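Read the structure below first, then the notes.
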Amino acid sequence: MIQTGIVNSHKGESIKMKKLLLVFLSIMMIGVMILVSCGEPEETTQPTTQPTTQPTTTAGPVSGGILRGVITGGPLMMSYRGQMGPGDHSYMFPAVEYLVEPYVDEQGNRGWIPFLCESYAIDPVGKTFTYNLRDGIKFHDGSILDAEVVKWNIQQQIDSGWWQDADKVVSIDTPDNSTVVIHFTEYSNQYEFNWGWTAIWSKAAWEANAGADKSTTSEQGIAWAVDHVVGTGPFKLKEYKRDVSITWEKFDDYWQEGKPYLDGMEFQIITESTTASSLLQAGDIDMWNQGHSAQDWKELEEKGFLIKGYWPGLPMALWGNTMDPESKWQDIRVREALEYALDKETMAQALGLGYYVASAQIAPSTEWGYISNLPTRGYDPEKARDLLAQAGYEDGCPVTLLVQAVPASIDAGESIKGYMDAAGFNVTLDLADTGRFFGSVFGTGWDDLVMMFYGMDVNYLATYMSWFSSDPKSNLASFARPPEQVAMDKEAVLIADTQGQIEMTERLCRYLYEEARLCPLWWVPSKTVSYKYVHHEILRHGFIRVDWENVWMDPH
Amino acid sequence: MTAYIIRRLIIAVVILIIVTLIVFFVMQLLPGDPLVIFLGQQAGTGSMSQEQLEQLYIRYGLDKPLIVQYWNWISGVVKGNMGESIYYHENVGKLLLERFPVTLDLGIKSFIIYNILGIVMGMVAALRRGKWLDTFATLLSYIGVSIPVFWLGLLLIYLFGLRLDWFPIAGYTLPTEDLWKNLHQSVLPVFCLSLMGWAVIARQTRSSVLEVMSQDYVRTAWSKGLTERKVIMRHILKNSLIPVITIMGIGLGLMFGGQVFIEQVFAIPGVGRLLVGSIFAQDYQVVQSATLVIATIVILINLIVDISYGWLDPRIRYG
Amino acid sequence: MTVKETDTKIINEVTPRTSEWKRFQRVFFQRKVVLFGLIILIILVLTAIFAPLLAPYNPFQINLKESLQQPSWTHLLGTDLQGRDTLSRLIYGSRTALMVGFGSVLMAGIVGVSLGLIAGYVGGITNMIIMRIMDALMGFPMILLALVIAAVLGSGIHNVIIALSVATLPGYARVMHGLTLTIRENDYILAQEGMGASGIRTMFWHILPNGLPPMIVLITLQLGALILAEAGLSFLGVGIDPTDAAWGAMVADGRRYLLTYPWLSLAPGFAIMLVVFAFNLVGDGLRDALDPRLRGLL
């Protein structure tokens, strides 16, 4: 530091330079050391980040407490079904219940149960759906659930214009105050899903806010429904701050005695998974509901958090464009080559860190439609090359793979590209932001190949009908349904007995697999991440029911 | 002077009109269709008929020729109606009113902080040229411009939010609701946002002060035996700040850009997050109007900077 | 914003210089810290050229059996989820960094400088139209403009280069415009015109070379910003194809492993910092050596 004014400025500069470099390098080193040391598992952690390790399983549910969670988005429409998607419905589950809901028992058997109705009956011969409603169910606004309200809801479902089978409804009768009967032109075994799983909202609340036009599709009513919901569910909407948080409070007049256990729920909306993970580890939230991936499960499980896994999950698959007559995917040899090119087991293991399950066929082993003796196409890159050569692609088959630009999909896309390239394809990844991705998948179609999930519903016939059939709920725009498939679909919905449905589901899944209509990859199980003091089974029923009323927390 | 300001204002309006043209037509270039994207994210258009899709087109005015759509938007904006968001089912003006206070709150805090810290640090570095302080300041200013801001945010969350538990990890509270909480939550995001501006201002101040210090009148002031404080305050500070003011505006653009990342990382419901989401949802109305507002702010601030620059420095002619 | 009034004040003493190589050398190499930056950049370029020789593994080869390994003697910086060697990807990433940097600078520079030159030289209505459009583009934060363009074009390195070029173009145009206005007032240029030299000839043979030194400074400083912007686009999901090795994409992707495999984002993060740091050092050095008066403008 011996510097004397201007004379020494030259020397000063050079000393300064050395210091500058020294400081720069040392700051880098310190930064590295801090982070690396933080990355290692620590034994001296703060008490707040240490999850309770002893769950008190013996004691029954405890009432009270506010559950703090993190979700990745919020509803765009709260209670007008004509503009609601699956995402909107799932965000509204705390407040809204359905006439018929899915259930799963201790053995893992799944099916439908009457929920807001005492019982229901579907008559294949008389072509009717009869609901016998429960007594004494109140909406959040104090109004009563009766036959008139249910009829209004079903009517809105029809009026809103894009409900499946709406054109098959002849009439809706209310013979008495607790009975509703829908008459159809023809029977379908999908009516429980299409007409039983019907969200019920307060008619009184709608009409009070719909302005002069009291119809079920009133413009003013729709505008009100964007951020209002009045249902029968265990929680009332307290506050919704778009892109910030959604807050629920306990509904005191809830029809199930003694429930819900929680006093309320607060969900923050956070998209960045690193941020959400930090919130959980800091003890700022009790549960991380959405937006985590296999890496998070592994890391947090090792740190003692509760990672609860449920069947079902989201099955991932590769879908060729079979709609365009010029597409290479019209050639079954190319479709089969794709199956042989992929080492699904290794990919599922590496990408899913042991959580994903590789899928050789369309349905998982526990479901209808799984065929135990089906010859599957195992990993065989040589065979893939041969098939491609036979199809006229000796010098490589160029493929553009459309992938949603979210981390888990990008990871999968990179691996798939690696394997496909090694087996004679020549893949270009096209990473699409969410808008372009779903716009292509559901709207304008994709040009070549897309990686996209399909659903997992109450049973695999329902899944097939929703995703693969010629009359789907979720229509993948470039996925063709050939005439022979359309014929089978028509036959399938008419089967009323369970055994017949199971056999038909197998036939349909076998058809899809043998024709290699799509290439199933692996199942991503549905998981929740929370502290161990949170007791819940919220994803047990799949994605169309979340039983928030049964969630409770140990005092912590 | 007045004539000059009026002329500049007219030019600013012309620029804004060009901004609207650019943003409107670039949004039209986006592949895909906002309604299809909206419906696609919602359900899949399985049972949605073509007629219903068409009804929605008419409802949002997307069936009209582009020129008409442009005119409708512009005339709406002039009347204070920015249209309706397809994605959010919400009036765009209302959406922006929700978001801009948040972005402006963080923006103003960062603006103040990076200017004060930058100027102070730049001054100190120049006055203690070659000393440790200078080295440290220079280094910090280099780091400030060379670290990806989202990454910095995540590192800070990890270190100060999770490890040390000094600051909240994420979230935002309006200062009108809870000032203390607001300040506490702002520390990390504002630090990230101001780092780059801080660096730019500090570097500018340092070189500007050094230049002023070598001027004859400052040497004269020293030789007259004035105290250090007097020389600095009376001669150096005022004269060296003039060029610094010109680049204050540049920092503004950097900051709006930084908010795009910071709001995502810290889960702050500001315009940056709204814009990114809307670009991907191709929610024309929102992107158009929000960028227009941002551009207006940037252009206005730069205008003020230019005018005050001329006002501070009498050597500038108003041509 | 019109630049005329303010910017020309700083530049108006820029005089056409023909040979000041000696002075340049003296000032440029006087500050050793600049030399340090230069060395880093030379290393960067050499790494990019000799990447295949330096990299211990193929950076694109997926090997899921070796997924997510901690640093060891076989993999000095560990491997990523796809089992690719991080060090090799880091080395190849220098190519991407240079490609994105120089690609965008070249495109934006050529177009921007030409526009600024034409606007400044021709003047009148041409000037008005070009410069107002540039001002309008400057009204958008650069990253937003790049984001919209990248969303229009889709992901991939070429599209990222185009997006960043458009976003940075007005900066070049604006500075070149200011320079042109001052340079053309110079006696030397006026003399050329008086002797009947054509407009195009004057612009590209006489004005452009005199405007180049400040442009080189601007470009050097801009290169660092471009590398950062590329990382930002990757974070937002519209960046470079992740199978390519790009530092920005590596940081963005590696952030998910910050606690478990910190090297995955720390290594490319420090590479970015070091290189951007070096570009800034060299840029500042060049500016001081070429013309210290440019401080504050660039």
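The values are calculated or read from the model by the stated rules, or taken from the named source; none is laboratory data. Quantities reported herein were computed from a predicted structural model and do not represent experimental measurements. Every residue, glycine among them, receives a Cβ derived from its backbone with ideal geometry; neighbour counts consider all protein chains shown.
Screening the candidates B:L156, B:L210, B:L140 for the property of being in contact with a Cys (Cβ under 8 Å, 6 or more places away or on another chain) and surrounded by fewer than 23 Cβ atoms within 10 Å (Cβ to Cβ) yields one hit, B:L156. Residues in the range A:190-233 that are touching a helix residue (DSSP H, G or I) at 6+ places or on another chain (Cβ under 8 Å), under 30 Å from A:M465 (Cβ atoms), assigned to a loop (DSSP other than H, G, I, E, B) and not polar (S, T, N, Q): 2 in all. Residue check: B:T205 meets all listed conditions (1) buried (at least 17 other Cβ atoms within 10 Å of the Cβ); (2) within 26 Å of B:V265 (Cα to Cα) but one, namely (2). Residues in the range A:275-292 that are away from every other protein chain (no Cβ under 13 Å) and over 30 Å from A:N459 (Cβ atoms): A:D286 alone. Here A:V403 meets each of (1) surrounded by fewer than 22 Cβ atoms within 10 Å (Cβ to Cβ); (2) under 20 Å from the mean Cα position of the chain (by Cα); (3) modelled with pLDDT of 90 or more; (4) of a type in the set (A, V, I, L, M, F, W, C) with one exception, condition (1). Hey, among the residues in the range B:55-81 that are at pLDDT below 85 and either in contact with a Phe, Trp or Tyr (Cβ under 8 Å, 6 or more places away or on another chain) or within 12 Å of another protein chain (Cβ to nearest Cβ) (or both), which one's nearest to B:P34 (Cα to Cα)? Result: B:L56.
Quickly run through the range A:293-316 and pick out the residues that are over 16 Å from A:H535 (Cβ atoms), part of a loop (DSSP other than H, G, I, E, B) and more than 10 Å from chain C (Cβ to nearest Cβ). Result: A:G304, single match. Scanning the range B:137-177 for residues that are at positive phi and free of Cβ contacts under 8 Å to residues at least 24 places away in the same chain gives a single hit, B:D165. Search the range A:463-503 for residues being among the hydroxyl-bearing types (S, T, Y) and in contact with a Ser or Thr (Cβ under 8 Å, 6 or more places away or on another chain), and hand back the single one that is surrounded by the fewest Cβ atoms within 10 Å (Cβ to Cβ). This residue is A:S474. Evaluated against (1) farther than 24 Å from A:K168 by Cα; (2) in contact with a Leu (Cβ under 6 Å, 6 or more places away or on another chain), A:S478 falls short on exactly one condition, (2).
Any residue in the range C:181-198 that is surrounded by 19 or more Cβ atoms within 10 Å (Cβ to Cβ) and either of a type in the set (G, A, S) or within 21 Å of A:D433 (Cβ to Cβ) (or both)? Checking the range C:181-198: not a single residue is surrounded by 19 or more Cβ atoms within 10 Å (Cβ to Cβ) and either of a type in the set (G, A, S) or within 21 Å of A:D433 (Cβ to Cβ) (or both). B:F100 satisfies every condition listed in (1) out of contact with any Lys or Arg (no Cβ under 9 Å at 6 or more places or on another chain); (2) farther than 30 Å from B:L56 by Cα except (2). If the condition is being under 25 Å from B:G258 (Cβ atoms) and in contact with a Gly (Cβ under 8 Å, 6 or more places away or on another chain), then the range C:199-227 contributes C:V217, C:L218, C:I219, C:T220, C:L221, C:Q222, C:L223, C:G224, C:L226, C:I227. Exactly one residue out of A:V441, A:V450 is at pLDDT 95 or above and under 17 Å from A:P520 (Cβ atoms), and it is A:V450.
Hey, among the residues in the range B:128-178 that are assigned to a loop (DSSP other than H, G, I, E, B), of a type in the set (A, V, I, L, M) and more than 14 Å from chain C (Cβ to nearest Cβ), which one's farthest from A:T271 (Cα to Cα)? Once the filter is applied, the top-ranked residue is B:L164. Scanning the range C:101-145 for residues that are more than 14 Å from chain B (Cβ to nearest Cβ) and crowded, with 22+ Cβ neighbours inside 10 Å returns C:S104, C:V105, C:A108, C:G109, C:G112, C:V113, C:L115, C:G116, C:L117, C:A119, C:G120, C:Y121. The sole residue among B:L179, B:L241, B:L193, B:L237 that is at pLDDT 80 or above and more than 27 Å from C:G232 (Cα to Cα) is B:L179. For the range C:258-288, the candidate set comprises residues that are part of a helix (DSSP H, G or I) and without any contact (Cβ under 8 Å) to a residue 40 or more places away in the chain; within that set, the residue that is nearest to the chain's Cα centre (by Cα) is C:M273. Can you name the helices (runs of 4 or more DSSP H) wholly within the range A:365-476 that have at least 1 residues being over 21 Å from A:G73 (Cβ atoms) and more than 10 Å from every other protein chain (Cβ to nearest Cβ)? Result: A:381-390, A:407-422, A:460-467.
Against the definition (touching a Phe, Trp or Tyr at 6+ places or on another chain (Cβ under 7 Å) and touching a residue at least 24 places away in the same chain (Cβ under 8 Å)), how does C:S88 come out, yes or no? It is true that C:S88 is touching a Phe, Trp or Tyr at 6+ places or on another chain (Cβ under 7 Å) and touching a residue at least 24 places away in the same chain (Cβ under 8 Å).
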